[in-house]
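All of the numbers you see were taken from the coordinates with simple rules; none came from a lab. The structure presented is a predicted model; accordingly, all values stated were derived computationally and were not measured. Heads up, the Cβs are rebuilt from the backbone with ideal geometry, glycines too, and the neighbour counts pull from every protein chain shown.
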Amino acid sequence: MQNKKSLSLSILSTALVFVMIIAIGTGAMHMSPLQVIGILLKGIGIQLPVTYTEQMPAVLWMIRLPRVVLAVIIGAGLGISGAALQGLFRNPLADPGLIGISAGASLTAAMLIVLHVYLPFMVSGSIFQTYAQNIITFLGAMLTVLIVFRMSVDGGRSIVSVMLLSGIAINALCSAFTGLMTYVADNEQLRNITFWTLGSLGGATWQTVLAVLPFVLVPVLMLPRMAPALNVFALGEQEAMHSGVQVNKLKTQLIIYATMAVAAGVAVAGIIGFIGLVVPHIIRQFTGPDHHILIPSTALAGAILLTVADLLCRTIIAPAELPVGIITAITGAPVFIWLILKEKRLIAV
Amino acid sequence: MLVVKDVSLSFGNVPVLAQMQLQAQPGELCVLMGANGAGKSTLLRTIAGEYKHYRGSILLNGQELHHMPVDAQARQRAVLSQQLNLQMPFTVAEVVAMGRYAYRASERLYDKEIVTYALKLLQVYDLKDRSYPTLSGGQQQRVQMARVLAQLLEAPALHAMDYTGKKMLLLDEPVTGMDILHQQLALQLAVQLSRQGVLVIAVLHDFQLAAAYAQRVFFLKNGRVYAQGPVATVLSPLHIRHCFGVDVSVLHHSLCAYPLVVTNTAATLFSSSALQATNAY
């Protein structure tokens with residue numbers, strides 16, 4: 001198992017570095033991979049015999065790198081939360097959207113866009129504002145998840161199928177209120193809301209990177225520790241309890257970390273669908289269901305996938321760019337359909 | 001030693017266990033029997049710690065179940081439940097290794113040996129790299145039995161340790177879906193464990209298996225213990241008629257060490273209350 005794990009992680013890390021270098025080099029000002037490596041290493045004091053123009057380091061450090069790093073962080077968060085939630089629901093088709101994370105975050109973000117003029121602490125353009133925005137969106141997502149979770153609790157334990165149904169109901173309610181927000185929004189706000197729901201990494205700066213990082217870092221560090229319990233949890237809630245898993249604690253932690261990992265990304269980049277659903281699935285095909293391997297691998301693969309998707313969305317119709325949520329949906333939805341058809345029999349059980 | 005005293009449990013307004021009294025000694029193989037809905041599985045699950053809202057007291061080796069943390073319970077007892085539904089394609093060896101979860105904090109010297117030993121004992125070692133969902137129902141049941149054994153054992157051999165007062169094994173219809181050979185093997189394994197001091201409680205439906213392997217039989221009816229004692233006294237036609245509503249004959253044969261319970265098919269059919277009720281119209 002240890003071999004399989006290090007093999008999987010080293011392949012994915014290599015691929016991630018490769019993809020990042022390509023993504024950093026691609027754009028209106030093209031940089032070769034060697035130039036990218038040269039400029040990056042110069043940043044830590046290592047001089048390589050590579051020639052590049054004067055503007056290149058500025059473009060790389062101020063424009064390209066923060067955007068790629070943001071894609072890596074948000075992608076890792078989406079991937080890892082997908083793996084955690086699929087483990088929690090013991091269902092390979094579970095997705096962060098199911099339990100209200102995206103809907104709650106959308107509603108909060110729409111409310112912030114429309115109502116921010118009434119909120120005194122939201123006026124300045126400082127990092128504090130970005131943090132406040134993230135924290136509020138995160139709290140909104142957390143609140144919806146909490147309601148969904150509480151609705152599913154019966155006799156001290158949460159029933160997973162009820163949680164899915166509550167998710168549908170709360171999702172509907174949230175989108176109704178988001179609709180209400182769009183109704184009262186002015187033209188400028190409407191445009192913001194629409195772009196936000198399509199998802200985009202266009203606004204990436206080092207500030208947004210710093211604002212998102214802690215929210216994703218904590219789950220990425222904590223979720224792998226839960227791998228043994230998640231494996232046993234696959235047997236069923238009762239069996240996990242019989243085997244010594246503190247089931248309620250596990251479920252609560254999984255939901256908090258999954259929400260953290262998704263909500264902060266959603267707060268700055270909007271709704272980016274299907275990565276949380278598809279990534280754990282693809283990884284499972286290669287590594288099997290063992291969460292020791294699955295959880296860190298999905299973080300890396302989510303990062304790779306979102307970096308590639310973002311690269312596509314800003315090159316396909318350059319100099320304009322597509323919202324990244326459209327790219328992930330166009331490629332992710334057919335994969336989802338294929339999964340449903342493939343697993344029809346399992347779902348029917 | 002397990003003492004169940006005055007335990008009552010209800011789901012909503014439906015009482016399932018009523019003032020249940022039960023005692024079992026280490027090293028005993030106890031069998032719970034009763035008609036559907038008599039409370040067998042619920043009793044087993046309550047002892048397993050699944051329902052926390054019971055009234056009364058359940059003492060396991062002198063400790064109240066309420067006060068035992070989940071992982072301490074898991075190191076003292078293992079449970080094989082009905083209807084396991086594992087959809088993720090874990091391998092057989094991975095499933096059996098899950099049984100060792102409760103010991104993850106302590107030294108894990110024997111983990112691998114115990115898992116291998118359990119796989120071999122349940123004759124699923126050849127399947128160890130197969131994906132669990134692709135196995136047949138009976139094979140899956142044997143793999144689960146191996147997992148439960150891996151949770152119970154503290155050394156990679158059945159006879160290496162004396163488990164008196166340390167371990168309890170709960171089996172809810174453990175042989176469902178197994179072929180007849182593996183039914184016998186599974187219950188012989190339960191007997192072996194009970195000889196090492198493990199307290200074994202099993203829910204069974206088959207009188208023959210109960211008669212052959214049980215040291216003590218509990219008949220449950222309407223959430224209470226209706227009769228208890230050794231096989232010879234509990235498996236009587238009268239008790240069986242009261243608990244199960246069927247007429248049986250209990251036969252003894254010189255080639256068989258235990259009593260044979262045979263249903264009187266014809267008599268059962270004609271004396272059934274359902275038929276009388278339909279005839280009344």
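Annotations for the structure displayed:
- Packing around the peptides A:289-302, A:76-89, A:59-72, taken as the average count of other Cβ atoms within 10 Å per residue, puts them in this order, highest first: A:76-89, A:289-302, A:59-72.
- Sorted largest first, extent of the stretch A:281-343 alpha carbons per principal axis (Å): 43, 27, 14
- Relative to the longest principal axis of the Cα atoms of chain B, helix B:111-121 runs at roughly 40 degrees.
- Each of B:Glu28, A:Glu239 was scored by other Cβ atoms within 10 Å of its Cβ. Arranged with the fewest first, they read B:Glu28, A:Glu239.
- Within the protein assembly as shown, percent of DSSP bridges classed antiparallel, to nearest 5: 60 percent
- Since only B:Ser81, B:Val115, B:Ile180 are under comparison, the one whose Cα sits farthest along the positive direction of the charge dipole of chain B, derived from C-beta charges on Lys, Arg, Asp and Glu, is B:Ser81.
- Taking each DSSP H run with n ≥ 4 as -39500 (n - 2.57) and averaging over every residue of chain B yields -10000 deg cm²/dmol at 222 nm.
- For the stretch A:184-342, convex hull volume per residue from C-alpha positions, Å³: 156 Å³
- Average partner coverage of A:305-314, which counts Cβ from other chains inside 10 Å: 0
- Centre separation in Å (Cα based) which lies between the stretch B:203-237 and the stretch A:48-67: 81 Å
- Relative protection proxy for A:166-178, B:127-139, B:78-90, A:270-282, from highest mean packing down: A:270-282, B:78-90, A:166-178, B:127-139 (other beta-carbon atoms within 10 angstrom).
- Per-residue mean of foreign Cβ neighbours for B:76-88 is 4 (Cβ atoms of other chains, 10 Å radius).
- Between A:Thr194 and A:Ile340, the simple spin-label model (points 7 angstrom out along Cα→Cβ) gives 2.7 nm.
- Alpha-carbon Debye profile of the protein assembly as shown, log10 I(q)/I(0) at 0.06, 0.09, 0.10, 0.11 Å⁻¹: -0.43, -0.82, -0.94, -1.06
- Centre separation in Å (Cα based) which lies between the stretch A:162-225 and the stretch B:90-120: 42 Å
- Where labels lie 7 Å past Cα in the beta-carbon direction, separation of A:Ala172 and B:Tyr125 in nm: 5.7 nm
- Violating pairs (Cα-Cα greater than 32 angstrom) within the set B:Lys5/B:Lys120; A:Lys5/B:Lys166; A:Lys4/A:Lys42; A:Lys342/B:Lys167; A:Lys5/B:Lys120: B:Lys5/B:Lys120; A:Lys5/B:Lys166; A:Lys4/A:Lys42; A:Lys342/B:Lys167
- Average other protein chain Cβ within 10 Å of Cβ, residues B:141-149: 1
- The alpha-carbon atoms of the stretch A:59-121, seen along their principal axes, cover 42, 37, 15 angstrom, with the largest extent given first.
- Ordering of A:315-321, A:37-43, A:193-199, B:150-156 by burial proxy (mean other Cβ atoms within 10 Å per residue, highest first): B:150-156, A:193-199, A:37-43, A:315-321
- With contributions of -39500 (n - 2.57) from each DSSP H run of at least four residues, the per-residue ellipticity at 222 nm computed over chain A stands at -24500 deg cm²/dmol.
- Taking trypsin sites (Lys or Arg not before Pro) across the stretch B:1-86, the ones in a DSSP loop with at most 11 further Cβ atoms lying within 10 angstrom of their Cβ are B:Lys52.
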